[in-house]
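Working notes, structure below.
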Amino acid sequence: MLPVCRRKPRSLYLTNYLLNNLFPIFVKLEQLHTLIVGGGYVGLEKISAVLANSPQAMVTLVAPEIREEIRELAASNAKVSLINRKFEETDLFEKDLVIVATNDKAENENISNLARARHLLTNVADTPGLCDFYLSSVVRKGNLKVAISTNGMSPTMAKRLKEVLAEALPDNLETAMEQLKAVREMLRGDFTSKVDELNKITSVLISRKEE
Ligand SMILES: C[C@@]1(CC(=O)O)C2=NC(=C\c3[nH]c(c(CCC(=O)O)c3CC(=O)O)Cc3[nH]c(c(CC(=O)O)c3CCC(=O)O)/C=C3\N/C(=C\2)[C@@H](CCC(=O)O)[C@]3(C)CC(=O)O)/[C@H]1CCC(=O)O
Ligand SMILES: NC(=O)c1ccc[n+]([C@@H]2O[C@H](COP(=O)([O-])OP(=O)(O)OC[C@H]3O[C@@H](n4cnc5c(N)ncnc54)[C@H](O)[C@@H]3O)[C@@H](O)[C@H]2O)c1
């Protein structure tokens, strides 16, 4: 009989990871303060991505010119503030994350250096080499969220894969997750026996090829 939980030796995972060293995390943006610098097309793309995932995120956006769509987002969201001028270093005070998206490459680098000196996690939209983190393409099915990155190689590929995965993942996953949550809360016993039980119940989800 196959064991319920058959993990590959860790070294095999490590060889696969060598190509892409990004560490994926899921961030609670409503507990942080995000600064976006730039209010053009890319500023709009980034604030839309932030709010689509974290509608309660606290966001400040600074730019001398701010697109109308961003103004509309801010008008309907009390946690979004707009500052209508060029970036100043004081904008970095009390921020946790910074997304830099002006159309001035040298200024983007300057802002990223100031942010880095303050140990702020920074994304510079036009320069992957200056980014501490990348935004990802996101597939959402209820509580399930799958984030995709191509290691900066092709955002278009990430966007397409999102569409493929959104279609491939079944819609009833939410019900399955709710039931598993209920089982998880009901299970008694030590941690190991709970993990064994949950793995047994979910083994039907994985169709393994017999070796
Ligand atoms: C996933 C997504 C998330 C989001 O932004 O929310 C995202 N870009 C998206 C779309 C997109 N961006 C671009 C195109 C045009 C076609 C193309 O170039 O492919 C399209 C496609 C489109 O819009 O259709 C242009 C582009 N993007 C970057 C550069 C600079 C460079 O590469 O040098 C340039 C060239 C600028 C120029 O030439 O002027 C850089 C980055 N873009 C990233 C994320 C990070 C890497 C993600 C990864 O690891 O895969 C990274 C490194 C930094 C970052 O921005 O965080 C979002 C998909 C949303 C969705 O799922 O619908
Ligand atoms: N990462 C991505 O997904 C991606 C996609 C496309 C383009 N880009 C790059 O992003 C950059 C911005 O593109 P865009 O289309 O948004 O440009 P845009 O011209 O539409 O907007 C530029 C914005 O930057 C603001 N700005 C300029 N100087 C500023 C300063 N000192 N302080 C604050 N704000 C300032 C302007 O007021 C304006 O709001 C370009 O360099 C482009 O190559 C990145």
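The values are calculated or read from the model by the stated rules, or taken from the named source; none is laboratory data. In this text the structure is predicted, and so the values were computed from the model without any measurement. Don't worry about glycine lacking a Cβ; one is built from the backbone with ideal geometry, like all the others, and counts go over all protein chains shown.
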Residues that are part of a loop (DSSP other than H, G, I, E, B) and near ligand 1 (Cβ under 6 Å from one of its atoms), drawn from region 141-167: Ser149, Thr150, Asn151, Gly152, Ser154
Single match in Glu174, Glu109 (criterion: within 16 Å of ligand 1 (Cβ to nearest atom), in a helix (DSSP H, G or I) and surrounded by fewer than 17 Cβ atoms within 10 Å (Cβ to Cβ)): Glu109
Residue in region 185-205 that is within 16 Å of ligand 2 (Cβ to nearest atom) and of a type in the set (Lys, Arg) present: no
Selection within region 97-124 - in contact with an Asp or Glu (Cβ under 8 Å, 6 or more places away or on another chain) and within 14 Å of ligand 2 (Cβ to nearest atom): Ala101, Lys105, Asn108, Leu114, Thr122, Asn123, Val124
Scan of region 52-74 for residues that are among the aliphatic types (A, V, I, L, M) and within 16 Å of ligand 1 (Cβ to nearest atom), ordered by number: Ala52, Ala57, Val59, Leu61, Ile70, Leu73
Test for Ser81: is it surrounded by 12 or more Cβ atoms within 10 Å (Cβ to Cβ), touching a residue at least 12 places away in the same chain (Cβ under 8 Å) and touching a Pro at 6+ places or on another chain (Cβ under 9 Å): no
Yes/no for Thr150 being touching a helix residue (DSSP H, G or I) at 6+ places or on another chain (Cβ under 7 Å) and within 13 Å of ligand 2 (Cβ to nearest atom): yes
Matching residues, region 119-133, being touching a helix residue (DSSP H, G or I) at 6+ places or on another chain (Cβ under 8 Å) and farther than 10 Å from Val98 by Cβ: Ala125, Asp126, Thr127, Leu130
Which numbered condition Arg160 misses (of (1) farther than 21 Å from Phe23 by Cα; (2) loosely packed, with under 11 Cβ neighbours inside 10 Å): (2)
Residue check, Leu114 modelled with pLDDT of 95 or more, more than 29 Å from Val146 (Cβ to Cβ) and either part of a helix (DSSP H, G or I) or touching a Leu at 6+ places or on another chain (Cβ under 9 Å) (or both): yes
